[in-house]
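Engineer: The structure is given below, and queries will be raised subsequently.
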Amino acid sequence: VAATVHWLLQTVGLVSPMMVSTNPALTAGLLFGAGVYQFTPLKSTCLTRCRSPLAFLMGEWRKGTGGAFVMGLRHGMYCIGCCWMLMVLLFVVGVMNLPLVAALALAVTLEKLAPKGEWIAKAIGLALVLGGAWVIAAGIGHAPIGHG
C-alpha cells in the first residue's frame, strides 16, 4: 500500500524518488493529520491495547494454531491502528533519513512502553501540530525537513 501511495504521489510531483515531500501543503497536512490523530479515541483505544499485550491475551485467548493466527492478526491491527499515522510521516522526512526514522521509532517505543505513554502520545501530537503550523508559517516544504 505504501509503495503504491508513494508511486502515486511521486507521479503527481508531491514527493521525490526518496519519498520526501516536495510540497509544503502535503508536508503541513501530514504533520497536522498525524498530530490530530494522536488525540483521537481510535488512537487511544489502539494504544491501550498495544501497550498491554498480556491483557489482550487474557481477554482474547483462542485455542490452536488458527486461534493464535486470529489473535496475532487482531493484536497486529491494534498496533497498526496505534502507529500508522506516525509511519505516514516517512512521506515527509523520507525513508532514508535515518536520524528522523530513529526519532519516529523512539516516539513509538515511548508511547508503548514508558509510564504515562498516553501523555507522551499527546505531547507528540502537539509537537506535530505545531510543526505543521511552522511549515505553513515559514512557507517551507520545498526543502525537505532534515535534508538541509
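Engineer: Considering the Cα trace of the range 1-85, what is its radius of gyration and what is Dmax, both in angstroms?
Structural biologist: Final numbers for Rg and Dmax: 17.3, 50 Å.
Engineer: Taking only DSSP H segments of four or more residues, each worth -39500 (n - 2.57), what value at 222 nm results for the chain once the sum is divided by all its residues, to the nearest 500 deg cm²/dmol?
Structural biologist: -24000 deg cm²/dmol
Engineer: Under a point-charge model restricted to the Cβ atoms of Lys and Arg (+1) and Asp and Glu (-1), what is the dipole moment magnitude of the chain relative to its Cα centre, in debye to the nearest 20? Could the numbers behind the result be given before it?
Structural biologist: Working: 9 positive and 3 negative charges, 96 e Å.
The dipole magnitude comes to about 460 debye.
Engineer: So what does residue 116 come to for accessible area, using a 1.4 Å probe and Å² rounded to 10?
Structural biologist: 140 Å²
Engineer: Could you rank 44, 21, 16 by how accessible they are, 1.4 Å probe, largest area first? Spell out each step's value before the answer.
Structural biologist: Numbers: 44 55, 21 0, 16 30 Å².
Listed by decreasing accessible area, they come as 44, 16, 21.
Engineer: How compact is the chain by the rule of thumb for globular proteins, expressed as Cα Rg over 2.2 N^0.38 Å?
Structural biologist: Details: Rg = 17.0 Å, N = 148, 2.2 N^0.38 = 14.7 Å.
Here the answer is 1.16, to two decimals.
Engineer: To continue, here is another question. Helix check for the chain. Which DSSP H runs span at least 24 Å along their own axis by Cα, with a mean Kyte-Doolittle hydropathy no less than -1.0? Before the final figure, lay out the partial values.
Structural biologist: Values: long enough: 64-88 (34 Å, 1.09); 117-138 (31 Å, 1.51).
Sorted by number, the helices that extend far enough and score high enough are 64-88, 117-138.
Engineer: What's the lysine pair count for the chain at a Cα cut-off below 16 Å, pairs eight or more apart or interchain? Write down the numbers at each step before the final one.
Structural biologist: Working: 43/112; 43/116; 43/122; 112/122.
The number of close lysine pairs in the chain is 4.
Engineer: I would also like to ask the following. Quick one: if the Förster radius is 41 Å, what FRET efficiency do residue 58 and residue 3 give, using the C-beta to C-beta distance and rounding to 0.05? All intermediate terms of the calculation are to be shown ahead of the outcome.
Structural biologist: Values: r = 37 Å, r/R0 = 0.90.
Calculated value: 0.65.
Engineer: How much accessible area does residue 48 have with a 1.4 Å probe, in Å² rounded to the nearest 10?
Structural biologist: 80 Å²
Engineer: Can you give me the % of accessible surface on the range 74-122 that is carbon or sulfur? Probe 1.4 Å, all protein chains present, nothing else counted. Please list the in-between numbers first.
Structural biologist: On the way: 2150 of 2620 Å².
Solvent-exposed carbon and sulfur of the range 74-122 make up 82 percent of the total.
Engineer: Lys/Arg Cβ at +1, Asp/Glu Cβ at -1, dipole of the range 15-143 taken about the Cα centre: which of 20, 101, 72 is farthest positive-ward?
Structural biologist: Of the candidates, 72 comes out farthest on the positive side.
Engineer: Any chance you could run the full-extension gain for residue 126 through residue 10? It's 0.36 nm times the residue separation minus the Cα-Cα distance, nm to one decimal. The partial results should precede the final answer.
Structural biologist: Working: separation 116, 0.36 × 116 = 41.76 nm, distance 2.85 nm.
Roughly 38.9 nm would be gained on extension.
The values are calculated or read from the model by the stated rules, or taken from the named source; none is laboratory data. Just so it is clear, the structure is predicted and the values come from calculations on it, not from any experiment. Neighbour counts are summed over all protein chains in view; Cβ atoms, including those assigned to glycine, are modelled from backbone coordinates with ideal geometry. Note: areas computed on protein heavy atoms with side chains; ligands, DNA, RNA excluded. Shrake-Rupley method; radii C 1.70, N 1.55, O 1.52, S 1.80 Å.
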